[in-house]
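The values are calculated or read from the model by the stated rules, or taken from the named source; none is laboratory data. Treat the numbers as computed from the prediction; the structure is a model and nothing was measured. Here the Cβ positions follow ideal geometry from the backbone for every residue, glycine too, while neighbour counts run over all protein chains shown.
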Amino acid sequence: MANVAVVGSQWGDEGKGKIVDWLSSRADVVVRFQGGHNAGHTLVIGDVEYKLSLLPSGVVRPGKLSVIGNGVVVDPWALLAEIEKIRAKGVDITPETLVIAENCTLILPLHGAVDRAREEARGTAKIGTTGRGIGPAYEDKVARRAIRLCDLADARVLEDKVDQLLFHHNALLRGLGAAELDREELLNQLREVAPKILPYAGVVWQRLDELKRAGKRILFEGAQGALLDVDHGTYPFVTSSNTVAGQASAGSGMGPGAVGYVLGITKAYTTRVGSGPFPTELLDETGEQLGVRGREFGTVTGRKRRCGWFDAVLVRQAIKTGGITGIALTKLDVLDGFKEIKVCTGYRLKGEVVNHLPAGQTAQAEVEPIYETFEGWSESTRGARSWAQLPATAIKYIRRIEELIEAPVTLLSTSPERDDTILMHDPFED
Ligand code: GDP
Ligand code: IMO
Ligand code: MG
């Protein structure tokens, strides 16, 4: 019996939330291990839709433990607001059902302000961040000046850390001619939020170790996707964390052996929010159609997602760099009714054929996709719950994708609804 890590294999929004929710019926614990409230994970259960950003997607199932690991950057105000929003839908969230690593980094109001100000200053060269302060918070973490959740319980350390943090940030703000941050104001904000968030703080690595030894099944929930990974993605148009499954161990304190099966969530086409290279992007009517049929609007910022054909080169690269064992193919239904469907199988770059996305920014912007064209299907696959309900042309498409990406399709999703899911191979039984 393996634990399972769910990660995105493209540029995020592949449907991780839906698949984590579905798989969590087979798990005891769901753990977030990186990212923050830049994530937007949508769950559709009957008539109710949940949009989760920081809360693990297992939170809606009674009896499951939700864990926010040390690798996550936590905005306490955003988390408390999210807890209230989800509670209002009848979900029970208490320190018994939700544990946050005491050593996680906090996102402070200044991080959001820095994120948004820098994006504005970049103008057309902007990354297109979610403006949530993710990058600046991770920067403070690796610079060893971040405020961590446990610091809220230690008045003296908190004051020292605020001084160190403001020494750095106020020097920059002065240089930019901007207003400096007020020490007392920040301290008061932190003192005010401390008693609300500290009840959830815990020794996550120890809890997970106990659960592992008790034979409990752990499901790791990734945010973003492989192409937004700070090392393996389309740098600098990436997020500020490692999104690959390797991060599940470092970001939860469990060690590499704990991860088990790595399930890459993969859209049957490609989308991206924000700036950066996108070789198969369609700026025509077909791209528009994919966006409308797939309802491709960002969960967090409401931005329109850029759309294009499936890029097998990029997904294969994500499978190799992230150690993905098998994929869950989502949104197959969005391709219903297209006369023909294309898949990118390689790139042309300066007259040569290349089989991977080079790391250089110029090359990434210049690669031209080489397509293989498939006959579409006129039948509806929406809501299909068995392989037998799929048209032969759709099966052909799936089989060819498996060949191109060199990994099996383990799960198939045919609508936003929880149970419109086809299981070919149970990742927990691997
Ligand atoms: P995540 O960030 O990876 O969790 O994905 P998002 O929730 O941001 O975006 C995926 C969107 O697609 C959500 O609105 C889901 O409800 C929806 N979705 C997930 N799976 C399917 C599917 O198989 N078919 C369709 N049509 N929609 C899906
Ligand atoms: P989920 O978990 C899609 C993108 C932003 C931007 C870049 C950097 O829902 O799949 P950041 O705010 O992280 O510094 O922004 O990363 N981005 C996402 N795109 N889905 C996400 O999360 C994303 N999280 C960040 O649009 O291009
Ligand atoms: Mg999303």
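Some points to look at:
- Qualifying positions in the range 82-102 - farther than 22 Å from Ala153 by Cβ and among the hydrophobic types (A, V, I, L, M, F, W, C): Ile86, Ala88, Val91
- Residue identified as within 16 Å of ligand 3 (Cβ to nearest atom), farther than 24 Å from Asp284 by Cα, β-branched (Val, Ile, Thr) and touching a Gly at 6+ places or on another chain (Cβ under 6 Å) among Val300, Val353: Val300
- Within the range 325-430, strands (runs of 3 or more DSSP E) holding 1 or more residues that are within 28 Å of Ser25 (Cα to Cα) and either away from ligand 2 (no atom under 16 Å from the Cβ) or not assigned by TED's automatic domain parsing to the domain that holds Leu43 (or both): 326-330, 409-413, 421-423
- Annotation note: of Ser57, Ser66, Ser53, the sole residue that is over 30 Å from Leu176 (Cβ atoms) and in contact with a His (Cβ under 7 Å, 6 or more places away or on another chain) is Ser57.
- Filter result for Gly323 (at positive phi, within 22 Å of the chain's Cα centre (by Cα) and more than 13 Å from ligand 1 (Cβ to nearest atom)): yes
- Residue in the range 51-62 that is over 26 Å from Gly255 (Cα atoms) and in contact with a Gly (Cβ under 8 Å, 6 or more places away or on another chain) present: yes
- Residue selected from the range 269-297 under the condition more than 16 Å from ligand 3 (Cβ to nearest atom) and of a type in the set (A, V, I, L, M), by the criterion nearest to Asn355 (Cα to Cα): Leu282
- First in the range 384-408 and of a type in the set (Val, Ile, Thr), second anywhere and assigned to a helix (DSSP H, G or I), Cβ under 7 Å, 6 or more apart: Ile401/Ala312; Ile405/Ala312; Ile405/Val315; Ile405/Arg316; Ile405/Ile319
- Filter result (more than 15 Å from ligand 2 (Cβ to nearest atom) and touching a residue at least 40 places away in the same chain (Cβ under 8 Å)) within the range 1-43: Met1, Ala2, Asn3, Val4, Trp22, Leu23, Ser24, Arg26, Ala27, Asp28, Val29
- Test: Gly123 is under 26 Å from Leu228 (Cα atoms), surrounded by 17 or more Cβ atoms within 10 Å (Cβ to Cβ) and either more than 16 Å from ligand 1 (Cβ to nearest atom) or not polar (S, T, N, Q) (or both): no
- Inside the range 23-42, residues that are more than 18 Å from Ala5 (Cβ to Cβ) and surrounded by fewer than 24 Cβ atoms within 10 Å (Cβ to Cβ) make up a count of 2.
- Residues of the range 44-88 that are within 20 Å of Asn103 (Cα to Cα), within 16 Å of ligand 2 (Cβ to nearest atom) and surrounded by fewer than 19 Cβ atoms within 10 Å (Cβ to Cβ): Ala78 alone.
- Condition met for Val300 (modelled with pLDDT of 95 or more and either charged (D, E, K, R) or not in a strand (DSSP E or B) (or both)): no
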